[in-house]
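Since every read-out is calculated from the coordinates, none of them should be taken as a lab result. Remember, predicted model here, so these are calculated numbers, not experimental data. FYI the Cβ positions are ideal-geometry reconstructions off the backbone, even for glycines, and counts take in every protein chain you see.
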């Protein structure tokens, strides 16, 4: 049975109201960019489909442990399609290296190996998380039919349920992340979106929890959820930013050369000439030394 926008289930899964059914559940957030292209594709090949599939995994058994908050969520990004599209997806993904996949069988194999098997082989209960998740589940079920049978939590539906109503409602992922002041960046990359959706779920769980029960032994749990949700983002710069800075440094050095006086230019040239002569002298000495070493070795051998 699917769980849709149910705050009690959410709080139970995250140990705010623990139950036997939801103990040690594994939360897997999903996001599919251009999901319609995967859904309508009738072939195994994905080379002609520019799309990304992102996963963010939180094993709730790690929450009561001393695992650092930055290591509680594992994030993956799979990209398919044109080389240029996959390269762009790789540069936008914040949480590691994007994985390029060519076909649905290869995609299914990677998902089983990295995400599903490590938990299902141990009999763990899996629950999906997504923001307007229906289309994402439908797309993934065309690759792995099992995705259609998992229970799920929809952060958009939960937000509509727990947030105050009034004015023009806005429940987009970006708006909600800003509302809860959750660190985020480079949206519309599937892996990034999955990670931020999972963190939004943690913040919605804290927000929906009754204030009078916060101090009833749940302070530590709430602090832990807030800590995982508000981890600082890893710094990963765009390749074109690095190239631009390199270009500017080269231009700055060129400009500095233009405004040097004659005395400075002569001094720099003399220093360069001295270093060049020193390297040449060392090189000649090394060659003579190596030559003597070879002759000595041969002499010893023939004696």
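Worth pointing out:
- The label point for residue 39 and the one for residue 121, both projected 7 Å from the Cα toward the Cβ, are 3.3 nm apart.
- Listed peptides 69-78, 156-165 by packing density, highest first (mean Cβ within 10 Å): 69-78, 156-165
- Averaged over residues, the count of other Cβ atoms within 10 Å places the peptides 43-56, 138-151 in the sequence 43-56, 138-151, highest first.
- Separation in nanometres of the label points that stand 7 Å from Cα toward Cβ, at residue 134 and residue 281: 8.2 nm
- In terms of overall dimensions, the C-alpha atoms belonging to the range 1-153 reach 46, 33, 27 Å along their principal axes, ordered largest to smallest.
- Full-stretch length increase - residue 261, residue 188 - with 0.36 nm per residue and alpha-carbon distance subtracted: 21.1 nm
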